[in-house]
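Report on the structure given below.
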Amino acid sequence: MLTEDAGKSRLFSEIDELTSALSLKTVEAVDSVHQGTHHMRVVVYKADGEVNTDDLAAVYNIVYPRYSVIFSDRDLELEVSSPGLQRSFKDVIEFSIFTGKLVRVYSVSHSAYITGRIERADESSVTLSEAEVEGGEKFETITLPFDDVAKAKLEYRWEA
């Protein structure tokens, strides 16, 4: 099941504030400590285009100096990346981040995958347009509560 933790995370909020100044959205911001090293992973998304290496470098150059001071008692290892073409969703907040994108969700109530374009998402559900249930049933729009969504990922159509 998808979590609902990202929006409540202090780290996520801080990183999102920094990346929004670069016209980017934070998809994921997590940290952990392992063998004396502080590991951070930040995933960013650009709604009006593709994330490029300059965007990733800009995020790195803003985040690294700030958190190397905050975590001064440990070495900092920072990874900054784009979500990729077929990102598996980890948190329900990603539905609102990827509004307009094609997504594939597994619906518990339908016992099948449903593919559609994210039309809107609120705190309790996601609405997909041009939705198609695996097996052929089609909907103009379908609204799925988040507790009905077992898993989700970005869908990419490889052929034109």
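The values are calculated or read from the model by the stated rules, or taken from the named source; none is laboratory data. Small disclaimer: the values here were computed from a predicted structure and weren't measured. Methodologically, a virtual Cβ is constructed for each residue, glycine included, from the backbone with ideal geometry; neighbour enumeration extends over all protein chains shown. Only protein heavy atoms, including side chains, enter the accessible area calculation; ligands, DNA and RNA are left aside. Shrake-Rupley method; radii C 1.70, N 1.55, O 1.52, S 1.80 Å.
Some notes on this structure:
- Here Lys8 is the anchor, and the lysines within straight C-alpha reach of less than 18 Å, apart from those fewer than 8 places off in the same chain, are Lys25, Lys90.
- The chymotrypsin sites (Phe, Trp or Tyr not before Pro) of the range 108-160 that DSSP puts in a loop, and whose beta carbon has at most 14 other beta carbons within 10 Å, are Tyr156, Trp158.
- Sites listed here are trypsin sites (Lys or Arg not before Pro) in the range 55-160 whose DSSP assignment is loop and whose Cβ has at most 11 other Cβ atoms within 10 Å: Arg157.
- Accessible area of the chain divided out per residue, in Å², using a probe of 1.4 angstrom: 57 Å²
- Cα gyration tensor, the range 50-93 - rounded (a/c under 1.5), prolate or oblate: oblate
- P(r), alpha carbons of the range 1-90 - 10 Å bins starting at zero, rounded %: 16, 50, 30, 4
- Angle of helix 53-70 to the longest C-alpha principal axis of the chain, folded into 0 to 90 degrees and rounded to 10: 50°.
- In the chain the longest region clear of GluC sites (Glu not before Pro) that are loop-assigned by DSSP and have at most 15 other C-beta atoms within 10 Å covers 51-122.
- Whole-angstrom gap from the range 60-126 to the range 1-53, using each part's C-alpha centre: 8 Å
- Kirkwood Rh in Å, taken over the range 5-160 so that all alpha-carbon pairs contribute: 16.9 Å
- For the range 1-46, size of Cβ-based charge dipole, Lys and Arg +1, Asp and Glu -1, in debye: 120 debye
- Axis angle, to the nearest 10 degrees, between helix 10-20 and the longest C-alpha principal axis of the chain: 90 degrees.
- Counting only protein heavy atoms and a probe of 1.4 Å, the accessible surface of the range 1-156 is 46% carbon and sulfur.
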